[in-house]
Amino acid sequence: MGSRRLKSIAGASRRSRAVRRALLGLILVAGLSLAPAAWTRGQLLSDEQNNIDIFKRSSPAAVYITNLQLQRDLFSLNVTEIPAGTGTGIVWSKDGYVITNFHVVEDANRVAVGLTDQTQWEAKIVGVAPDKDLAVLKIDAPPGKLFPLPLGDSDKLEVGRKVLAIGNPFGLDSTLTTGVISALGREIQSPNGRRIRDVIQTDAAINPGNSGGPLLDSSGRLIGINSAIIGPSGANAGIGFAVPINTVKKVVPDLIRYGRENRPVLGISTAIDPLARQLGVEGVIVVDVMRGGGAARAGMQGVRRTPNGRTELGDVIVAVDGVKVQDNDELLTQLEKHKAGDTVTVTTVRRGGEHKFQVTLSNP
């Protein structure tokens, strides 16, 4: 009796386990049938899809730039060409113009441009603007291999907007990073010491090799040229900077046409800022006034030597159109707001008195 009861209990236990397994199977099947579509079909989130779409569409516009320089061997004295650095560039137009940072091609003996189809093209440096850390190159690639990016408007950006950076960090081509606009209106120093204003700050990872590459908005429009980072080791620390596209749009046509930035001039030469500070002068010292220039016609005066052999300051520029000017950089910034033929009001201090001149700007 006891044995039969044990067998009965054992049988019931086996049936119970079988029922539990069947129920568990039904629950799992039901759970799978009720799971989100993203789990069963591998569907991407909308932000992921946006990243993928922009990269596929925009990466052919980001090119690989190699700065080649000549180096003499210390023992054989033979001169060889070596890669001195790499960076990124952006296809600007179908006729072969490519833009990048000036510091990417600085001191280059030769520049090579690699497209995403793995073809290499020798590039000619058409024009440079060290003040803005910009350079324009020209390659003879067929239009069918070139894919310019649509241009955005950097004046309409807002902090918090998503951005994407494409480049060749550490020589790794076609790399995508994403982030947001962290701040606007920043200033960074250009290779020649001038300040680049209205710069975009982003936390999208930018590393050595990203320089000259595109910063894109969530529609794939070009809004900036990645140019600099702040990092204790020279690598990304979440603070990167890009020259705004509106600055690029203003400068690039001049570089293509003239080979330089065609900034209007007053027709003067000025003293370097350290000398002015050494003399305790606040403003820009006019050293010489060019004959026939706008400043000369307006009556401005430069440094002169007195009959007893002493050097006497002439005009010291302290404002342009009412905007205070303390150094050469601020003077150039005010002039860049105008074009040749415009007339500006230049305020100066000369031997203790203030003077105002109406100066017509001219081409350099």
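The values are calculated or read from the model by the stated rules, or taken from the named source; none is laboratory data. Keep in mind that what you see is a predicted model, and the values were worked out from it rather than measured. Don't worry about glycine lacking a Cβ; one is built from the backbone with ideal geometry, like all the others, and counts go over all protein chains shown.
Considering only residues that are surrounded by 17 or more Cβ atoms within 10 Å (Cβ to Cβ) and assigned to a strand (DSSP E or B), which ones fall in the stretch 103-124? Listed by number, the residues that qualify are Val111, Ala112, Val113, Gly114, Trp121, Ala123. Among the residues of the stretch 236-245, some residue qualifies, meaning at least one is on the phi < 0 side of the Ramachandran plot, part of a helix (DSSP H, G or I), under 11 Å from the mean Cα position of the chain (by Cα) and in contact (Cβ under 8 Å) with a residue 12 or more places away in the chain. For the stretch 335-364, a residue qualifies if it is loosely packed, with under 15 Cβ neighbours inside 10 Å and either more than 30 Å from the chain's Cα centre (by Cα) or in a strand (DSSP E or B) (or both), and the qualifying residues are Gly341, Thr343, Thr345, Arg351, Gly352, Gly353, Glu354, Lys356, Gln358. Here Gly267 does not qualify as out of contact with any strand residue (DSSP E or B) (no Cβ under 9 Å at 6 or more places or on another chain) and among the small types (Gly, Ala, Ser). Within the stretch 185-194, one or more residues are farther than 19 Å from Glu261 by Cα, crowded, with 16+ Cβ neighbours inside 10 Å and either over 10 Å from the mean Cα position of the chain (by Cα) or of a type outside the set (Val, Ile, Thr) (or both). Residue-level analysis places Arg351 outside the set of residues that are in contact with a Gly (Cβ under 9 Å, 6 or more places away or on another chain), over 19 Å from Gly280 (Cβ atoms) and of a type in the set (D, E, K, R).
Would you confirm, using the coordinates I've provided, whether Ala165 is crowded, with 19+ Cβ neighbours inside 10 Å and assigned by TED's automatic domain parsing to the domain that holds Val243?
Yes, satisfied.
Screening Gly224 with (1) in contact with a helix residue (DSSP H, G or I) (Cβ under 8 Å, 6 or more places away or on another chain); (2) in a helix (DSSP H, G or I) gives one miss only, at (2).
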